[in-house]
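All remarks here apply to the structure that follows.
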Amino acid sequence: MGKNKDAGFDKKHNDEKRPRKTRNKIIAIAIIAAIVATLVVALSKLDNTKADNTVLIDGIECDTTEYVTFHVHAHLDIFVDSHPLTVPAFIGIENNNHCLYWLHTHSTDGVIHIESPKERGFTLGQFFDIWQSTSKGMPPNDQDPIIYVNGKVVTTSLKDTPLYAHDEITLVYGNPPINMPSFYQFPEGE
């Protein structure tokens, strides 16, 4: 009889433990879910790719990062009455390098950096609109330039001239230069 009494005690004791184990599992799952939810919210707030207080220009955003998803370069030369006009550094870069438009320059070498979160078409007109909004030293706007792409005259307007990888774009206002650029040697990897 002693064994049956002990067996009944063990059964009753195990029955009492089961609800407690189930309740503890539910509490542990709830705590894990709360931690995961908190992390998701915190990480989404850390997505700082969009710069604050910036203006959208021609559908182009100013972000806090340079993108590699679509990252190509074109080169721009400008001549006014056969004299070169320097394309300024930092066109499309604002707020102490904390805001980069998808079209921008880093230096005065004329390289236009085209860096976007997705592959899409961009135009010289968009670059000029960003230039006008973020920098100085614009070429004359009282006349339309003759546009050369890779040494050949094109009939597109400034607004509609597409920017493609490794294009050499030359704008001529007034008299052309003695030697028309038709090629730009991009550094390896650009």
Cut-off 12 Å between beta-carbons: net charge of the residues surrounding residue 150, Lys and Arg +1, Asp and Glu -1: -2
Taking every other residue with Cβ under 10 Å from the Cβ of residue 115 and scoring Lys and Arg +1, Asp and Glu -1, one gets -2
Ordered by fewest other Cβ atoms within 10 Å, a rough proxy for footprinting exposure, 64, 155 read 155, 64
Return the distance in nm (one decimal) between the two label points of a simple spin-label model at residue 22 and residue 165, each offset 7 Å from Cα along Cα→Cβ. 6.1
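So what's Rg/Rh here for the stretch 82-140, counting alpha carbon atoms and using the Kirkwood radius for Rh?
Rg/Rh: 0.96.
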I need the phi-derived Karplus couplings for the stretch 87-102: 6.51 cos²θ - 1.76 cosθ + 1.60, θ = phi - 60°, integer Hz, Gly and Pro marked x. 7, x, 6, 6, 5, x, 10, 10, 6, 6, 6, 9, 9, 10, 5, 5
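Quick note: the coordinates plus some simple rules give every number you see, no bench work behind them. What you see is a predicted model; the values in this text were computed from it and never measured. As a convention, Cβ positions derive from the backbone with ideal geometry for all residues, glycine included, and neighbour counts pool all protein chains shown.
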